[in-house]
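Trainee: Before anything else, here's the structure in question.
The values are calculated or read from the model by the stated rules, or taken from the named source; none is laboratory data. It should be emphasised that the depicted structure is a prediction, and the values quoted were computed from it without experimental measurement. In this analysis, Cβ positions are derived from the backbone assuming ideal geometry, glycine residues included, and neighbour counts consider all displayed protein chains.
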Amino acid sequence: MLIINGYLWWLLGTAAVLLALVIDRCWGEPPARLHPVVGMGNFLAWSGRRVGAGRALEPGDWRQGYGAFLRGALAWTLGALLVTALYAGLQSLLLRMPWWLAIPLLALLLKPLFAWRMLQAEVQAVEAALQQSLAAGRERLSWLVSRDVTQLSESQVRESALETLAENLNDSVIAPLFWFALLGLPGAALYRFANTADAMWGYPGWRNERHWQWGGKWAARADDLLSWIPARLTALLLALSAGGLSLASLWRESRRTPSPNGGWPMAALALALDVRLGKPGSYVLHAAGQPPEARHTAQALRLTRRAVHLLGGLTGLALLGLVAWQASVAMVWFHVV
């Protein structure tokens, strides 16, 4: 019975992923007051006032730097424990329910931990703003990126939007579902907490009137670790959706960014669209590609949708396989008993 119950959980999980994707497509994000990621952000903002330094530390201020690092590590760990404990408790309750009730409730709890419809809408909004004027495009892009947008050209605004699409395909969709597949709701929630902490604390400079040279190091490294496999899986899904890419080119281009993970999905998208992507003064991906135009934004959205559909299809096949396996185990059990 333990084997049957174990596979029953996988049946529930795979069915919940498919239903959560449908919920996301039809309704998008829940209200902010009910959104768990907003709650994580509120905790990080509150604790961040005690973690981030009030001034930039000098190279010799290693004691204060170590203290800020320790505060950041402790605050991150406390938040991670609270989040995982809460979702572990909710998952435990769901496992005691009948399957017909557990699946929709599990899907409703999983949905806020990834954001696919919203990501597409934000990138489309940047392109729509660019059609009005360059200034409008820059302004809309500033909602998505932390870089200075005031001097970006039209193609550079598009490059930044496409990079956001590729990187957040991993951060906001593939990675949470990957960790859900491994560890259930606690895994998906832990990843979203870690990714939110990296977004708020992980930049080595000024942010929200605090300096994160030391206080954000733990959050940045934790997100790097948890995103390592999903980022490469995202690049693989994009490559398959594009009909195949040169793995050697993908590996070479992905190493051009300072991030150990962000370069993979961004490089895959650049190669698939044959466009140049980059951050001024930092890196260039697929330098031989053409500057992105409006049509490339539409192509990128179609390609990333295919990648998510591919993930959904693979999940559906896994569900069918688990159903068949469950049926065969049940038949063997019935004949043995």
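Trainee: I'd like the residue in the stretch 242-253 that is under 21 Å from the mean Cα position of the chain (by Cα) and touching a residue at least 24 places away in the same chain (Cβ under 8 Å) and, out of all such residues, is nearest to GLU167 (Cα to Cα).
Mentor: Among them, the one singled out is GLU253.
Trainee: Something else about it: Take the conditions at pLDDT 95 or above, surrounded by fewer than 17 Cβ atoms within 10 Å (Cβ to Cβ) and part of a helix (DSSP H, G or I) and apply them to ARG192. Does it pass?
Mentor: Answer is no for this residue.
Trainee: Consider LEU93 carefully, then state whether it is surrounded by 19 or more Cβ atoms within 10 Å (Cβ to Cβ) and either over 22 Å from PRO265 (Cβ atoms) or not aromatic (Phe, Trp, Tyr) (or both).
Mentor: no
Trainee: Across the stretch 268-302, what is the total count of residues that are within 25 Å of LEU134 (Cα to Cα) and either free of Cβ contacts under 8 Å to residues at least 24 places away in the same chain or in a helix (DSSP H, G or I) (or both)?
Mentor: Going through the stretch 268-302 one residue at a time, the tally reaches 18.
Trainee: If a residue has to be touching a Leu at 6+ places or on another chain (Cβ under 7 Å) and within 28 Å of ALA222 (Cα to Cα) to count, how many in the stretch 264-307 make the cut?
Mentor: 11
Trainee: Take the stretch 109-132 and flag every residue that is in contact with an Asp or Glu (Cβ under 8 Å, 6 or more places away or on another chain) and either among the hydroxyl-bearing types (Ser, Thr, Tyr) or more than 26 Å from PRO36 (Cα to Cα) (or both).
Mentor: Of everything in the stretch 109-132, those that are in contact with an Asp or Glu (Cβ under 8 Å, 6 or more places away or on another chain) and either among the hydroxyl-bearing types (Ser, Thr, Tyr) or more than 26 Å from PRO36 (Cα to Cα) (or both) turn out to be ALA129, LEU130.
Trainee: Restricting to the stretch 18-39, what's the tally of residues that are of a type in the set (Val, Ile, Thr) and more than 25 Å from GLY79 (Cβ to Cβ)?
Mentor: So the answer is 2.
Trainee: Residue by residue through the stretch 243-302, note down the ones that are among the hydroxyl-bearing types (Ser, Thr, Tyr) and out of contact with any strand residue (DSSP E or B) (no Cβ under 6 Å at 6 or more places or on another chain).
Mentor: Passing the criteria: SER246, SER249, SER254, SER259, SER282, TYR283, THR297.
Trainee: Go through the residues of the stretch 206-221 one by one and say whether even a single one is assigned to a helix (DSSP H, G or I) and among the aromatic types (Phe, Trp, Tyr).
Mentor: The answer is yes; a qualifying residue exists.
Trainee: May I ask you to verify whether PRO265 is closer than 22 Å to ALA121 by Cα, in contact (Cβ under 8 Å) with a residue 40 or more places away in the chain and assigned to a loop (DSSP other than H, G, I, E, B)?
Mentor: So PRO265 fails the test.
Trainee: Restricting to the stretch 290-306, name every residue that is of a type in the set (Gly, Ala, Ser) and crowded, with 19+ Cβ neighbours inside 10 Å.
Mentor: Correct list: ALA300 only.
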